[in-house]
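Have a look at the structure below before the remarks.
The values are calculated or read from the model by the stated rules, or taken from the named source; none is laboratory data. No experiment lies behind these values; they were computed from the predicted model shown. As a convention, Cβ positions derive from the backbone with ideal geometry for all residues, glycine included, and neighbour counts pool all protein chains shown.
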Amino acid sequence: MRVLYFSDTFLPKTDGVAVSIKNFSELLALRGHEFCICAPKYGDGDFDRMTDNIQVVRFRSGYLPSYPDIKVVLPSPGKIKRIIEDFKPDLIHIHTPGLLGLYAINAAERFGVPTIGTYHTLMAEQEMYVSFYRLFKLDKLFFKANKFKKKLNIDELDKIVKFDNFNIRKKIILKICNDIYNRCDVVISPSFLIKEQLIEYGITRPITVVSNGMDLKRFQGKPKEYGSGDAPKFLHVGRISYEKNCDIVINAFKLIHDQFPKATLTIIGEGPAIPSLQRQAEHLNINQSVEFKGFIPNAVLHEVYPQYDVFLTASTMETQGLVVLEAIACGLPAVGVDAFALPELIRHGENGFIAKSFDAKGIAQGALEIIKNPDLYAKFSKQSIHIASGHDMEKCVDAMEEVYGKVIEAMKGKVKKTTIFDLFFDFMQ
């Protein structure tokens with residue numbers, strides 16, 4: 001099979017989407033399939049080939065002022081047309097509903113290529129990045145002012161956020177995403193809970209569940225034990241952006257720290273929310289116990305997780321949660337929130353606890369119960385490894401390969417559609 005990937009995010013930028021694309025393309029390429037990955041141009045660290053069977057084509061892009069890590073790919077319909085004509089894909093696989101995803105679905109319809117779309121990210125939950133206070137960087141202005149003048153506080157910033165929190169933005173983003181995915185032949189959801197959410201969102205195309213998977217040969221944990229130590233080590237890993245609600249994790253840790261003054265929280269990852277989180281830790285007087293380690297390559301993360309005792313997350317937008325899967329595969333009990341796919345990996349009372357969304361007190365209570373009960377800790381650790389075992393990467397690759405084959409076979413002779421976008425394809429040669 002010849003598969004053409006489109007994604008508005010990819011390596012060298014590391015996130016869950018990039019890791020998934022890398023894993024599936026590399027393992028399927030070993031089975032003889034060929035891939036061409038269309039992705040943004042970042043500059044330093046870009047590459048145009050992963051293996052003999054995987055090429056990468058880069059597209060010119062700008063960035064979103066409120067979140068420089070998000071690339072906005074500039075229109076290149078002529079370039080996409082040439083790629084399709086040269087590569088002759090059997091299948092187009094769209095990984096993001098951004099502009100590159102939109103260009104891809106238009107091209108797929110014009111050339112009659114079977115199309116799959118994976119719903120990696122709940123884009124409607126990231127509507128804060130098009131809010132006026134972040135587009136104009138008023139959050140950064142707040143923290144600069146607060147650094148020198150103690151007149152402003154976090155509550156005042158929250159008022160700005162609430163004032164700008166119009167549901168219309170979320171509805172617009174949701175409609176844009178639905179318009180793209182409802183034009184795919186099949187939609188892939190990384191989890192069963194997200195499949196239910198997509199139906200509620202209005203996705204009408206057939207939805208099949210394929211986990212992003214985990215390399216269990218590398219993330220191979222052993223059951224852990226926690227005694228009566230007074231210095232538990234908590235961990236949070238991921239993109240440190242606003243929608244991940246790491247501020248809730250820090251608030252929860254403050255409550256934990258009140259009972260265990262020697263406890264520590266390590267936050268691994270990069271993102272635009274770090275300055276505000278550092279100020280928050282200072283404000284709560286726990287900055288000496290909270291460490292921001294920055295980015296750590298995924299290639300060594302399997303060695304990092306076992307060094308900690310409990311994984312914490314307050315994200316309310318996970319379609320699967322690769323870092324959660326990595327953590328539990330390494331034997332860590334976890335505490336998360338009742339949002340989207342997290343309860344599928346963090347099962348309340350089995351390998352951790354689930355609190356209500358944005359409930360710092362509930363997260364803290366769950367974490368404290370785990371570290372205060374050695375028998376419960378050992379049970380949760382063992383069960384974490386068991387739950388992760390259902391996401392073996394090879395099994396997921398088998399499932400993806402089967403979906404590809406079925407869609408290609410079912411959509412043979414797919415009718416080509418002529419739209420107004422054809423004018424752009426023909427004009428921009």
| query | So which of Gly238, Gly221, Gly271, Gly294 is in the same structural domain as Met317 (by TED's automatic domain parsing) and under 18 Å from Ala329 (Cβ atoms)? | reply | Gly238
| note | Filter region 96-134 for residues that are among the polar types (S, T, N, Q) and assigned to a helix (DSSP H, G or I); the one that is modelled with the lowest pLDDT is Gln126
| said: All but one of (1) crowded, with 24+ Cβ neighbours inside 10 Å; (2) at pLDDT below 95 hold for Ser384; state the number of the condition that does not hold. | reply: (2)
| Given the structure, is Val72 modelled with pLDDT of 95 or more and part of a strand (DSSP E or B)? | no
| Limited to region 308-346, what total is found for residues that are among the small types (Gly, Ala, Ser) and modelled with pLDDT under 90? | 3
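For (1) out of contact with any His (no Cβ under 7 Å at 6 or more places or on another chain); (2) under 25 Å from Lys262 (Cα atoms), each residue gets a yes or a no:
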{"residue": "Pro297", "(1), (2)": "yes, no"}
{"residue": "Val304", "(1), (2)": "yes, yes"}
{"residue": "Thr316", "(1), (2)": "yes, no"}
{"residue": "Leu325", "(1), (2)": "no, no"}
{"residue": "Ile328", "(1), (2)": "yes, yes"}
{"residue": "Ala334", "(1), (2)": "yes, yes"}
| task | Please indicate, with yes or no, whether at least one residue in region 44-54 is hydrophobic (A, V, I, L, M, F, W, C), modelled with pLDDT of 90 or more and not in a loop (DSSP other than H, G, I, E, B). | result | yes
| Of the conditions (1) in contact with a Phe, Trp or Tyr (Cβ under 7 Å, 6 or more places away or on another chain); (2) farther than 19 Å from Tyr404 by Cα, Ile83 fails just one. Which one is it? | (1)
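Conditions tested, residue by residue: (1) surrounded by fewer than 16 Cβ atoms within 10 Å (Cβ to Cβ); (2) among the acidic types (Asp, Glu); (3) assigned to a helix (DSSP H, G or I); (4) modelled with pLDDT of 90 or more.
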position	(1), (2), (3), (4)
Ile194	no, no, yes, no
Gln197	no, no, yes, no
Glu200	yes, yes, yes, no
Thr204	yes, no, no, yes
Gly227	yes, no, no, no
| query | Inside region 275-319, can you point out the residues that are touching a helix residue (DSSP H, G or I) at 6+ places or on another chain (Cβ under 8 Å) and over 20 Å from Ile248 (Cβ atoms)? | reply | Ile296, Asn298, Leu301, His302, Tyr305
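For (1) at pLDDT 95 or above; (2) surrounded by 16 or more Cβ atoms within 10 Å (Cβ to Cβ); (3) part of a loop (DSSP other than H, G, I, E, B), each residue gets a yes or a no:
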| position | (1), (2), (3) |
| --- | --- |
| Leu265 | yes, yes, no |
| Glu270 | no, yes, yes |
| Ser276 | no, yes, no |
| Ile286 | yes, yes, yes |
| Glu291 | yes, no, no |
| Ala299 | no, no, no |
| Val304 | yes, yes, no |
| said: Please go through region 1-39 and give me each residue that is in a strand (DSSP E or B), over 17 Å from the mean Cα position of the chain (by Cα) and not aromatic (Phe, Trp, Tyr), ordered by number. | reply: Arg2, Val3, Leu4, Glu34, Cys36, Ile37, Cys38
